[in-house]
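A.B. asks: Could you have a look at this structure, given as structure tokens, before my questions?
The values are calculated or read from the model by the stated rules, or taken from the named source; none is laboratory data. These numbers were taken from a predicted model, which means no experiment stands behind them. Backbone-built Cβ (ideal geometry, glycine too); neighbour counts: all protein chains shown. Ligands, DNA and RNA are excluded from the accessible area calculation, which covers all protein heavy atoms including side chains. Shrake-Rupley method; radii C 1.70, N 1.55, O 1.52, S 1.80 Å.
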Amino acid sequence: MFAVELARGMWTTLKSMFEEPVTYQYPEVKRPVRPRFKGRHVLARYKNGLERCIGCALCAAACPASAIFVEASENIDRRRFSPGERYASTYEINLLRCIFCGFCEDACPTEAIVLEHNYEMSFTSRRDAIYTKERLIVPVPPGGDPTPMIVPPGSFDRAIPEMEDPD
Amino acid sequence: MSQALVSLTIDGVEVTVPVGTKIVDAAKQAGIEIPVFCYHPKLESVGMCRQCLVEIGRPKIDRSTRKIVRDKNGDPVIEFGPKLETSCTTPVGEGWVVLVNSERAIEGRRQVIELILTSHPLDCPICDKGGECPLQNMTMAHGPGKSRFLYEDKMHLAKHVPLGDLIFLDRERCIQCARCIRFQTEIVDDPVIAFSERGRKLEIVTLSEPGFASYFSGNTTDICPVGALTTADFRFGARPWELNATASICPHCAVGCNTMLNTRREARSQGRVVIKRVMPRQNEAVNEIWLCDKGRFAHHFASSEERLARPVIKLKRRGRLTATTWENAVKFVVEGLQAAHGAVLGIAGGRASNEDLYALHRLMDGLGGRAVLHDQMAGGEFVQQAGVGPGTNLADLGSGDCILVVASDLHEEAPIWWLRVKQAAERGAKLIVANARPTRLDAHATHILRYDYGVAAHMILGMLHEINHQKELDQYASAETKKVAKVVSKANNVVVFYGSEGLDYAASHDLAQNCATLLAASGHVGRANNGLVAVWTHSNTQGAWDMGVHPEPGGLAAALKGQKAAYVVAADPAGDEPLLTSLLEQVDFLIVQGLFLTETALAADVVLPAQSFVERDGTYTNGMRRVQRFFPAIAPNEGMRADWEILSAVAAAMGIDSARPSAAAVMQDIAAKNRDYSEVNYPALSRNASQWPHVGGKDIYFGGTAHPNHQGLGVQLTPRVERQKDISFDWAAPRKIAHKPRYLMVPITKLYDRGTTVVQSQVLGPRLEILRLYVNPEDAERLGMIDEGEVEVQWDGRKQRLRSVIDEHVPSGAVLVPRSLGVPLATAVDVKIRPIAL
């Protein structure tokens, strides 16, 4: 009996020697993630470069870990960050606290906060773990303008702009 | 007041309420919620929003016999109307059956919400009201999940309409309930906003210049059932659910409005916790659910960058202020006080809390010195004796009662008292307004008395003559005083408010004394809703009197004579009166405790940074002698300490008394020493009672977003006449006025002055009073002055150039100058006026 068991075990070992290895040589090789993977957040922009975030702090309200801190300010046409009257002047996520549940994404009325696919978060200090708005916001898309931008009066007066369907 | 009662059934609950009660209130009292938008328990019903629809069944009445039809069992037959009815406009009837939660009523209300939401933008995420919005709550509780109206057809209207400097309108959010307009018209009689156009074009417009010019405008944002009206101060400041709330007392005037400080940690304030807004806290006996705009918006001084943060001492020879530790500072203070050998004077301001004033009094007593109050108004002892009794509520005054307001412009000095006095007059109370000039309150007065500045007390003696018929008083009596004296003596309840406009210490003392005597002679002291109320200039002046800290009759200059050391707490005598600067500098050792580096602090040897009312706890005693407690809302900067704490530490270091661990402990000392305060302790101050109407929490739809009071209603002190029957009141012959001055410059109070506590609030900036000299047209002509011209005013060897305004409301022979705007003037003075040719 013992010999059979041993042989079967050895056979498994032998078989795996010829299998393709599952180990990825991280960081040289990065494993692709699933489309619905919840990684680090980003703050999205519209095509014209305006920030989607309107500083409503519903993400902070939904966050079960109290990881998000938002402070809003008023937009003016000479200094416009987002459509409508309000934008986030401070937006911080403490990634040490974040549990990547994605409630913030669900709560967001403008689809501004998205849990993207970046999972490479390592910090050497607690302060580094707090991602500020500058670190979270995506770069200005081609053809768009950086914020704050100067816009003609009345061009973006809707509080929540007509929603563009997510593609 | 007994009232006929009516019984009815609301959703199966038997309710008995007074005749005339609206169904919506009756249901609320029975714990049944009827959603409302336009209805507000403090306003007249209008039935504009239709949100309160219910089914009403009335007993069937036989038309021929006029008798109630009964069924086989003998029960009345109930007949329901064909349509739903608004419960906010329908007064209850005997035997009615109201169905709030019937299928028909629920469906009716759901459709009303659907209709209200047709043009509502639903921008709750960016709305300041989001989170404490009645429309949001009602939609969740009673509304349909989906609208049948087309999203594309929504109205798009202006979202950023400043109605004034303080209030913004979002036209899309407005549901046209008119609560704000009705508040301004019915409650505060400032009809400065109104509806324009009709139907879907309807919008709120301001009729005044500057826009929304009312001292009560902030209250409209509390009762607005949507986010249509928001304040400039809180605009996008925070979401309501992120705020912490701490109970406090407004430090700006003698009313002592109960407030709630909403705080939040803020990145733009370097991570400090800051006050985001001040909200009214319900106290139906003090401020109901209202707050004036000064109380609401002038809170920024507490978080000012200019606050003192560390103790500083000045070594005289070097003349430079150097920061030091508390240990060193206290040691330095102790040495300085010891060197004075008892020749020490404590000077306190009316902003200090009872605990601070008691601790100062205790320290000065121990040193062999004394403590005085930096104030010009007298009469606190008469308020102690003949103040209003426990149970007083101005809302109880009405027909058959009388209110006398003398030498005060309540609208500017104590807006909430003005509001409540005016409402009492509207309920039928006789209102006698006596002042040297017309004031806002005159419009609601039944009797107006005029006198020359400085002789207010004569008027009261004239009235007293009619009651006690003393021969000596003949000279003061006139037909007018006779008439109003009758009103006073006939009234069931009399409350007298006295101020100090145009009066110095002696004159206000006489006025207070004669008012108290008048009240005693007519039998209006020693019970609720009767007595004397002082319109003090500061929040805790009455507390200072109660703690034994009185103003010096001869003024501070006299009190400072021969003093080697002075200890100034919560006052800036040098800033208020530049002539005092040199006197304060002559004192060997000057200690100043306060929030800012004031003129007085600049002259000091030691400056000790004190905590403001938002950083500590303590109590204020308001002008009606209600002791109320405020709580710490913000953690203080490490370098700051509470006034009582510093004083107690100094007293301990000098071996006078042991240091007290808390403000509550100091209050225990006060209660032990002061008979009037024997019932006062912190637990007693935190006692509550249920109040009507319900506000805040789940009742924001009903009473608005004012906070309910869970932190205590305070303790109304008992006037001494109620306890000591042997107190007698005698009138004082007013001092003769030596000569009639050519021109008397009288300081008057304006709500938005430029004092340290006000100027730091930027939102109030455009509303602040501008320094001007108000002159009577005849005097102006005699002097050859033009409107908006420049004049030079001379008094006491001082000169100042002022812009003059010709105003017919100014009495002849007087010129008025608002306080705290740059003319350091405590009381009325003779002046020489010379127009400056352009």
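A.B. asks: What is the extension gain from B:SER478 to B:LEU150, computed as 0.36 nm multiplied by their sequence separation minus the C-alpha to C-alpha distance, in nm to one decimal?
C.D. replies: 110.8 nm
A.B. asks: Taking a ≥ b ≥ c as the square roots of the Cα gyration tensor eigenvalues, with a/c under 1.5 meaning rounded and otherwise prolate when a/b beats b/c, else oblate, which class fits segment B:82-127?
C.D. replies: Prolate, because a/c is 1.5 or more and a/b exceeds b/c.
A.B. asks: Could I ask something else about it? Tell me: how much accessible area in total is hidden between B and A, 1.4 Å probe, Å², nearest 100?
C.D. replies: Buried: approximately 1800 Å² between A and B.
A.B. asks: So what is the relative contact order for chain A, in percent, with contacts set as C-alpha pairs under 8 Å and at least six apart?
C.D. replies: 29 percent
A.B. asks: Lysines within cross-link reach of B:LYS832: Cα-Cα under 26 Å, excluding same-chain residues under 8 positions apart?
C.D. replies: B:LYS736, B:LYS740, B:LYS750, B:LYS799
A.B. asks: Can you give the direction-averaged projected area of the convex hull of the alpha-carbon atoms in segment B:151-302, in nm²?
C.D. replies: 10.6 nm²
A.B. asks: For chain B, with every protein chain kept in place, what is the accessible area per residue (1.4 Å probe, Å²)?
C.D. replies: Per-residue value: 39 Å².
A.B. asks: How compact and how long is segment B:246-377, expressed as Rg and Dmax of its alpha-carbon atoms in Å?
C.D. replies: Expressed in Å, the Cα Rg and Dmax of segment B:246-377 come to 19.3, 56.
A.B. asks: So, one more: Going Cα to Cα from B:LYS422, which lysines come in below 16 Å? Please leave out same-chain ones fewer than 8 positions away.
C.D. replies: Cross-link targets: B:LYS42, B:LYS430.
A.B. asks: If you stretched the chain out fully between B:ARG803 and B:LEU315, how much longer would it get, using 0.36 nm times the residue separation minus the C-alpha to C-alpha distance?
C.D. replies: That pair, B:ARG803 and B:LEU315, stretches by 171.5 nm at full extension.
A.B. asks: Just want to confirm a number: the relative contact order over segment B:5-101, from Cα pairs under 8 angstrom separated by 6+ residues, in percent.
C.D. replies: Relative contact order, segment B:5-101: 39 percent.
A.B. asks: Provide, in order from the shortest bin, the percent of all Cα-Cα pairs of segment B:380-535 in each 10 Å bin, continuing until the bin that contains the maximum pair distance.
C.D. replies: The distribution over segment B:380-535 is 12, 46, 37, 4, given as percents.
A.B. asks: If I take every Cα pair under 8 Å that is 6 or more residues apart in segment B:151-302, average their sequence separation and divide by the length, what percent do I get for the relative contact order?
C.D. replies: 18 percent
A.B. asks: Give the cysteines in chain A for which no other Cys Cβ lies under 4.7 Å away, or write none if there are none.
C.D. replies: Those would be A:CYS53, A:CYS56, A:CYS63, A:CYS98, A:CYS101, A:CYS108, since no other cysteine Cβ in chain A comes under 4.7 Å of theirs.
A.B. asks: Skipping prolines and chain starts, which residues have an amide H placed within reach, meaning under 5 Å, of the one on B:ALA434, given they are 5 or more residues away or on another chain?
C.D. replies: Placed amide hydrogens put B:VAL405, B:VAL406, B:ALA407, B:LEU449 under 5 Å from B:ALA434.
A.B. asks: What is the percent carbon and sulfur in the accessible area of segment B:380-535, measuring with a 1.4 Å probe over the protein chains and ignoring ligands?
C.D. replies: 47 percent
A.B. asks: Sort the protein assembly as shown into rounded, prolate or oblate with this rule: let a ≥ b ≥ c be the square roots of the eigenvalues of the Cα gyration tensor; rounded if a/c is under 1.5, and if a/c is not under 1.5, prolate when a/b is larger than b/c, oblate otherwise.
C.D. replies: oblate
A.B. asks: For the protein assembly as shown, give the share of DSSP beta bridges that are antiparallel, in percent and rounded to the nearest 5; count only bridges with both residues there.
C.D. replies: 60 percent
A.B. asks: Also: Cα-Cα pairs above 39 Å in chain B: how many percent?
C.D. replies: 44 percent
A.B. asks: Moving on. For segment A:15-35, list residues with backbone N below 18 Å from a point placed 7 Å from the Cα of A:GLU120 toward its Cβ?
C.D. replies: Counting only backbone N, you get A:24-34.
A.B. asks: By per-residue mean of other Cβ atoms within 10 Å, what is the highest-first order of B:401-408, B:186-193?
C.D. replies: Descending packing order for the listed peptides: B:401-408, B:186-193.
A.B. asks: Please get the size of the charge dipole for chain B, origin at its Cα centre, with Cβ charges of +1 on Lys and Arg and -1 on Asp and Glu, quoted in debye to the nearest 20.
C.D. replies: I would put it at about 780 debye.
A.B. asks: Ok, one more. Provide the per-residue ³J(HN,Hα) series for segment B:617-625, in order, calculated from phi with Karplus coefficients 6.51, -1.76, 1.60 and θ = phi - 60°, each as a whole number of Hz, with x at glycine and proline positions.
C.D. replies: Taking θ as phi minus 60°, the curve returns 10, x, 9, 10, 10, 7, x, 8, 6 Hz for segment B:617-625.
A.B. asks: How many times 2.2 N^0.38 Å is the alpha carbon radius of gyration of segment B:743-835?
C.D. replies: Its radius of gyration relative to the 2.2 N^0.38 Å reference: 1.08.
A.B. asks: Also: Check cross-link reach from B:LYS564 to the lysines: straight Cα distance under 17 Å, and skip same-chain residues fewer than eight apart.
C.D. replies: Those lysines meeting the cut-off are B:LYS314, B:LYS316.
A.B. asks: Given only helices, namely DSSP H runs of n ≥ 4 each adding -39500 (n - 2.57), what is the per-residue ellipticity at 222 nm of chain B, to the nearest 500 deg cm²/dmol?
C.D. replies: -6500 deg cm²/dmol
A.B. asks: How about segment B:134-161: which of its residues lose at least 40 Å² of accessible area in the presence of all protein chains relative to their chain isolated, using a 1.4 Å probe?
C.D. replies: Listed by number, the residues meeting the 40 Å² cut-off are B:HIS156, B:LYS159.
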